[in-house]
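Written out below as structure tokens is the structure these notes cover.
The values are calculated or read from the model by the stated rules, or taken from the named source; none is laboratory data. What you see is a predicted model, and the numbers here were worked out from it, not measured in a lab. FYI the Cβ positions are ideal-geometry reconstructions off the backbone, even for glycines, and counts take in every protein chain you see. Heavy atoms of the whole protein, side chains included, go into the accessibility calculation; ligands, DNA and RNA do not. Shrake-Rupley method; radii C 1.70, N 1.55, O 1.52, S 1.80 Å.
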Amino acid sequence: MKTANTAPRPAAALLAAFAAFAIISPALRAQDGVTVDTSAPAITAAESPAARDARLAWWREAKFGLFIHWGTYSAYAGSYGGTRTYGEWIMHSAKIPVADYRAHAENFNPVSYDPVAWVRAAKAAGMRYIVITAKHHEGFALYPSDATDWDIADATPYKKDLLAPLVAAARAEGLKIGFYYSQAQDWVHVGGAKSRYPEGDGWDPAHKGDFDRYLREIAVPQTRELLTRYQPDIFWWDTPSYMTKERAAPLANLLKLRPGILTNNRLGGGFNGDTHTPEQFVPVTGYPGDWETCMTIGRNWGYNALDTNLKSSADLIRKLIDITSKGGNFLLNVSPTAEGLIPAGQLDRLAGVGAWLSQNGEAIYGTQAGPFNALSWGRATRRGERLYLHVTEWPADGKLRVPLLSGATSAHLLQNPGAKLALNAEASRLVIDVPATAPDPVATVIVLDLAAPPVVPPLVSRGAAVTATAEDPAAPATFANEGTGARRWRAPADVKTASLEFTLPAPATITGFGADEPDVWPRMKQTYTLAAEVDGTWRELSSGKTDGHGVTGRFAPVTATRFRMTLTCEKGAPGLAEFQLYQPE
Ligand code: GLC
């Protein structure tokens, strides 16, 4: 995907390619994170590339944002009737009747809400924008909406608008502010979509109603209210159940009320928006175009007191680096309580990321994807002819091997610009002498100034001949190593297990691999075995399960010409969007 010799592809083309092979049933589309119908033009089709670049400039610079999932679900804190359920999905998971759920909103009384403190926590974390759930799938509006009484003013004891003071605080602190809005799913208003239920239906007789009427009477007027009252910088749609082109068009048109607004790819109906939105994962090889990984610190988006297994700050810092090195943004979520407090553990993680960014922000903000296919010791970001090498596995011998064929002029630790590090150009790499121990055990940034635009060794797997034991004629094996990840190889529907076999032009030493699975629902959970043919027999290099997003692995060096990736898919036929073999640096 992101290789030195691959021109970036527009996100629209990527999505169209996914759409061509999508295996999404209408019912499961309710949870779909991807707009799969690309038959209609993007909302911004008429925009020139220069105008688009100008509109997205702040967002591309920003890299890191705060997602906030907050609603009356927060007042359940993850428990209902003794059952352990999902944060913001609690109403759906526990099939809570509408009347009960509405009554429970009296427990949503965020008297401790301090929007200035929230914005300052985001800013101290190094975040440059905020996206808050103005209305999630529960249908509840965090602001006084004229379209409903299912809102903060009419349904809770708190009564005051929650959005206006957050918008004001964000603007006062120089952060951009956006709204998440669940345009299709709405579990309280009559006719709103419910994932896994037929249109117009739900788990409660009170759900029965007309989806188009719901769109007309709730989604459209609320979108207009949010755009005109608060002038948000981002509109973040979600779960486009039943969103045809005709249904999505009025919502897309409303965005014109706010010139310059950015929007994501989850409106549905073929409106691609600006950003692709991988959810809860970092793509193995990256995506072309503008994309944003959204992720939780624990497991849930909405507050769940039982959700205490939090990612560490170090993990989150490395994820931010990983995402940035592939050209993406990171939208990291917090889950405030019904009292209006962001849990201490989550604040602690934000502070940890902020501490690292306050020292190393130059290597993140406004940078672009690094030029390398994969690095065993870390990641790289780029700003023009300066590379930032983010070293997470410090070299034991004090030599950092950089797979760079073109020249460099100097290197230094970002934290110590005065001390130049010695550089030695070897045949297929650059070797930088680094201190014996890692100055920062989480990630140490080395600045590498280039003499010319970077040239990196080509991916050996990209030039390989590839065959499959089974292939859908529309999704041939050759799609798996194009270097873009834009199209995928897929076995015919009735096949459970299939192999991809790569024959390199000449024997090569390989120490790792990366594979991306297509970003589709349901997730393609697969088991895999990677093997190489050594002295006439197949030797296993790596095996395991994928998580439905992709898989990457490292192993002891093996020199071979033929490699075989065998996959068995839990649901449906096996497939891969991209497969890469990595050589040592
Ligand atoms: C999903 C979930 C949702 C969450 C969102 C964030 O689509 O339905 O609860 O808000 O992802 O990306």
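The figures follow:
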read-out	value
Largest-first ellipsoid semi-axes for the chain, taking √(5λ) over the Cα gyration tensor eigenvalues, angstrom	41, 29, 21
Convex hull volume per residue for the range 176-225, taking Cα atoms only, in Å³	72 Å³
Length gained when the stretch T527-K256 is fully extended (0.36 nm per residue, less Cα-Cα span)	93.0 nm
Electrostatic dipole magnitude of the range 127-196 [Cβ: Lys, Arg +1; Asp, Glu -1; Cα centre; debye, to 20]	340 debye
Degrees, to the nearest 10: 11-20 long Cα axis against longest axis of the chain	80 degrees
Solution diffusion estimate, µm²/s, Stokes-Einstein, the range 29-363, Kirkwood Rh from C-alpha pairs, 25 °C, viscosity 0.890 mPa s	123 µm²/s
Value at 222 nm in deg cm²/dmol, rounded to 500, when DSSP H runs of n ≥ 4 in the chain each add -39,500 (n - 2.57)	-5500 deg cm²/dmol
In degrees, nearest ten, helix 344-360 long axis to first principal axis of the chain (Cα)	40 degrees
Carbon/sulfur fraction of accessible area - the chain, other protein chains in place, 1.4 Å, %	54 percent
V455-E570 pseudo-label distance in nm [points 7 Å out on the Cα-to-Cβ vector]	4.6 nm
Radius of gyration, Dmax [the range 83-194; alpha carbons; angstrom]	15.1, 42
Solvent exposure of the range 29-363 as accessible area per residue, Å², 1.4 Å probe	33 Å²
Under the Karplus curve 6.51 cos²θ - 1.76 cosθ + 1.60, θ = phi - 60°, whole-Hz ³J(HN,Hα) for the range 543-554, x wherever Gly or Pro sits	8, x, 10, 8, 9, x, 10, x, 8, 9, x, 10
Selected from A470, A491, L56, residue furthest toward positive end of dipole (the chain; charges at beta carbon)	L56
Cα long-axis angle, helix 49-62 against the chain (0 to 90 degrees, to the nearest 10)	90 degrees
The range 367-468, accessible area per residue, ligands and nucleic acids excluded (1.4 Å, Å²)	42 Å²
Distant-in-sequence amide H partners of H276 (H built 1.01 Å from N, under 5 Å)	D290, W291, E292
Tail weight of P(r) past 24 Å, computed on alpha-carbon pairs of the range 465-582, percent	18 percent
Model label zone, S312; criterion: amide N under 19 Å from point 7 Å along Cα-to-beta-carbon; scope the range 318-335	318-323
Separation of the N424 and R55 label points, Cα + 7 Å toward Cβ, nm	5.2 nm
Stretchable slack from K159 to K496, in nm (0.36 nm times residue separation minus alpha-carbon distance)	115.8 nm
Sequence of V455, V353 when ordered by accessible area, the most exposed leading, probe 1.4 angstrom	V455, V353
Interatomic Cα distance distribution for the range 410-546, bins of 10 angstrom, percent	9, 28, 25, 22, 14, 2, 0
Size of the range 370-450 as Cα extents on the principal axes (Å, biggest first)	28, 27, 22
Mean separation of Cα contacts under 8 Å (6+ apart) over length of the chain, as relative contact order %	15 percent
Heavy atoms of T409 accessible to a 1.4 Å probe, total area in Å² rounded to 10	90 Å²
Estimated D of the range 48-132 in µm² per second, where Rh is the Kirkwood radius over Cα pairs and Stokes-Einstein applies at 20 °C, 1.002 mPa s	136 µm²/s
